[in-house]
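The values are calculated or read from the model by the stated rules, or taken from the named source; none is laboratory data. Since the model is a prediction, treat every value here as computed from it, not as a measurement. Cβ atoms come from the backbone with ideal geometry, glycine included; neighbour counts cover every protein chain shown.
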């Protein structure tokens, strides 16, 4: 981890309120792993005071670039969306514990809304390692979906789910995934990121599926390095219940260890 000044190479609005930000910073591009995040200083003044965490959505070590995907929802992301090519951005990272694959085929990625960002990085990495990868990606409607096919190689099999049926299967992500299981899909391991209610449903269902499953948790963060304890979640491991920090011990946890 280090503090870097990254050069904005490109920023585009890829769909309604969703942006793709490409930064040039060789250290980050070489060291970031799927599941980790950057802590960005999005303004030059005292407002907003705190940095903002963003999952790494992809890297290109050959060109020294790193990609972030974000949704414009508040003051911080509003400022971020106003960046232009040639601007500089203060970055702290890479931070957090990455995903760790156990090597069982196929890998199934379960993403809700903007939670797809770290799974795009993971999916591309697994595909390059020769694994079979399925991505189940769900949201309320077509407008809430990112154009994920723009950020993934053709080898990743993408299954869309929308609650209004406007794209892909009609229904929520967990129901569409369960239907795929009923039709014969046999995952080797699961990786999930998205809203807490979705992760809770998937973790509870996995008590029946009994599959290796890792989740990337989304929590508000202040320091991003484990000092303030503000992002702690309750974990149960080896018979002991304790708090662990999403920014430091996470954001990736074994789903069976999280106290939902």
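Does residue 203 fit the bill of being touching a residue at least 12 places away in the same chain (Cβ under 8 Å), out of contact with any strand residue (DSSP E or B) (no Cβ under 6 Å at 6 or more places or on another chain) and outside the structural domain of residue 32 (by TED's automatic domain parsing)?
Numbers: touching a residue at least 12 places away in the same chain (Cβ under 8 Å): yes; out of contact with any strand residue (DSSP E or B) (no Cβ under 6 Å at 6 or more places or on another chain): yes; outside the structural domain of residue 32 (by TED's automatic domain parsing): yes.
For residue 203, the condition - touching a residue at least 12 places away in the same chain (Cβ under 8 Å), out of contact with any strand residue (DSSP E or B) (no Cβ under 6 Å at 6 or more places or on another chain) and outside the structural domain of residue 32 (by TED's automatic domain parsing) - is met.
Could you identify the single residue in 22, 63 that is more than 23 Å from residue 251 (Cα to Cα) and outside any helix (DSSP H, G or I)? Steps first, answer last, please.
Values: 22 fails: more than 23 Å from residue 251 (Cα to Cα).
That would be 63, the only listed residue that is more than 23 Å from residue 251 (Cα to Cα) and outside any helix (DSSP H, G or I).
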Original post:
For residues in the stretch 9-19 being in a strand (DSSP E or B) and in contact with a strand residue (DSSP E or B) (Cβ under 6 Å, 6 or more places away or on another chain), which is nearest to residue 139 (Cα to Cα)?
Top reply: 18
Original post:
Quick one: how many residues across the stretch 53-87 are within 21 Å of the chain's Cα centre (by Cα) and touching a residue at least 60 places away in the same chain (Cβ under 8 Å)?
Top reply: 12
Original post:
Counting only residues that are at pLDDT 95 or above and not in a strand (DSSP E or B), how many does the stretch 34-50 have?
Top reply: 3
